[in-house]
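Right, one structure below, let's go through it.
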Amino acid sequence: MILKQLIKYTNAPALEATWVDENDVVIKCHAYSNGQMDMLRADLGADAVEHEALIAEIEATYVPTAAPSQAELDAIVSAKIEALWQAADKYTSSYISGVAIGILTIGVMQKKPKALAVSAWSSSVWTEYYVRKALVTSNSADNHDFSSFGPIPYSVPELQAEAGL
């Protein structure tokens, strides 16, 4: 590969290198930000020496981002766990909440099949919440979708009828 050009960007602290083959066909063209100058030097190989002043100029503009403190990371994790809990609660509460929980409890205590099925549905959502919670880190992807559990298997009126209320 032959280095055809090294261009300094005017709108960002970056350089762009273009390499061609012996027929002047572009083989590689890559932009390097001010934090990637070591990568550029490696890609340039022996040609790096000739462009060192320009590389150093761009590299001098690099200001590393400070790593977040442990307290900041902990706050991120706490916020993610809270958002996950809110999503699970919103999902289950959209089907059953308030007085209906009491009706469900009566049916479960009576070992009624529909109430037990609803209880198992709710438990499966909350079990998944705890599985996801265990995987939460400051940079983990959020998954607040519990729709794969489907709707509540029986309605509140069905639970009332089953419990004889």
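Listed values, structure above:
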| read-out | value |
| --- | --- |
| Residue list for region 140-165, restricted to those being assigned to a loop (DSSP other than H, G, I, E, B) and among the charged types (D, E, K, R) | 142, 145 |
| Odd one out for residue 105 among (1) part of a loop (DSSP other than H, G, I, E, B); (2) surrounded by 11 or more Cβ atoms within 10 Å (Cβ to Cβ); (3) β-branched (Val, Ile, Thr); (4) free of Cβ contacts under 8 Å to residues at least 12 places away in the same chain | (1) |
| Residue count for region 53-95, restricted to those that are surrounded by fewer than 14 Cβ atoms within 10 Å (Cβ to Cβ) and either among the acidic types (Asp, Glu) or in contact with a strand residue (DSSP E or B) (Cβ under 6 Å, 6 or more places away or on another chain) (or both) | 3 |
| Test result for residue 57, out of contact with any Lys or Arg (no Cβ under 6 Å at 6 or more places or on another chain), part of a helix (DSSP H, G or I) and under 30 Å from residue 127 (Cβ atoms) | no |
| Residues satisfying the stated conditions in region 129-148, i.e. touching a residue at least 12 places away in the same chain (Cβ under 8 Å) and either surrounded by 17 or more Cβ atoms within 10 Å (Cβ to Cβ) or of a type in the set (Ser, Thr, Tyr) (or both) | 129, 132, 136, 137, 138, 140, 146, 147 |
| Residue among 42, 46 that is modelled with pLDDT under 95 and either touching a Ser or Thr at 6+ places or on another chain (Cβ under 7 Å) or in a helix (DSSP H, G or I) (or both) | 46 |
| Some residue of region 32-46 being in contact (Cβ under 8 Å) with a residue 40 or more places away in the chain and surrounded by 13 or more Cβ atoms within 10 Å (Cβ to Cβ) | yes |
| Condition check for residue 95: without any contact (Cβ under 8 Å) to a residue 60 or more places away in the chain, within 30 Å of residue 18 (Cβ to Cβ), of a type in the set (Phe, Trp, Tyr) and in a loop (DSSP other than H, G, I, E, B) | no |
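The values are calculated or read from the model by the stated rules, or taken from the named source; none is laboratory data. Remember, it's a predicted structure, so these values are computed and weren't measured experimentally. With ideal geometry, Cβ positions are generated from the backbone for all residues, glycine too; neighbour counts draw on all protein chains shown.
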